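One structure below.
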Amino acid sequence: KQELFHRHKEAQQCCRPHNLPLLRAAQQREMEAVEQRIREEQRMMDEKIVLELDQKVIDQQSTLEKAGVSGFYITTNPQELTLQMNLLELIRKLQQKESESEKAFS
């Protein structure tokens, strides 16, 4: 985008005054097209990231289900996902407390 801006600036400096309005209008359209393309690419990247995260959640659910951890199974239900997230947080906190207890007795 910055490269385009610099190209536009150079073109305006070399342009004859009577052609300047036409040049600026063309440059404005070009800049808008670039900005639209950037927005579209960002949207596509965001969608790709969300899909990858969704797959990671499914992989985690599957692994925990296979390990026999209660409450874990593959789901996309937001309420069930929240419950699973809370269960994971509880497991993490219990593990931390256990580690602290073991250190205290060592």
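Numbers below:
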item	result
Within segment 1-26, tally of residues that are under 30 Å from residue 41 (Cα atoms), open to solvent by less than 100 Å² (accessible area, probe 1.4 Å) and either polar (S, T, N, Q) or not in a helix (DSSP H, G or I) (or both)	1
Condition met for residue 83 (farther than 30 Å from residue 2 by Cα, outside the structural domain of residue 4 (by the TED database) and either more than 25 Å from the chain's Cα centre (by Cα) or assigned to a helix (DSSP H, G or I) (or both))	yes
All positions within segment 87-106 that are open to solvent by 100 Å² or more (accessible area, probe 1.4 Å) and either farther than 24 Å from residue 64 by Cα or touching a strand residue (DSSP E or B) at 6+ places or on another chain (Cβ under 6 Å) (or both)	100, 102, 103, 105, 106
Tally of residues being closer than 12 Å to residue 8 by Cβ and open to solvent by 40 Å² or more (accessible area, probe 1.4 Å) across segment 27-39	3
Answer residue from segment 40-67, given it is open to solvent by less than 70 Å² (accessible area, probe 1.4 Å) and among the aliphatic types (A, V, I, L, M) and is farthest from residue 10 (Cα to Cα) among those	64
Any pair with Cβ under 6 angstrom, 6 or more apart, that starts in segment 3-20 at a residue that is within 23 Å of residue 34 (Cα to Cα) and ends at one that is at pLDDT 80 or above and surrounded by 10 or more Cβ atoms within 10 Å (Cβ to Cβ)	4/34; 8/27; 15/23
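The values are calculated or read from the model by the stated rules, or taken from the named source; none is laboratory data. Note that the structure is predicted; figures quoted are calculated from it, not measured. Virtual Cβ from ideal backbone geometry, glycine too; neighbours counted across all protein chains shown. We work out accessible area using only protein heavy atoms, side chains counted, and drop any ligands, DNA or RNA first. Shrake-Rupley method; radii C 1.70, N 1.55, O 1.52, S 1.80 Å.
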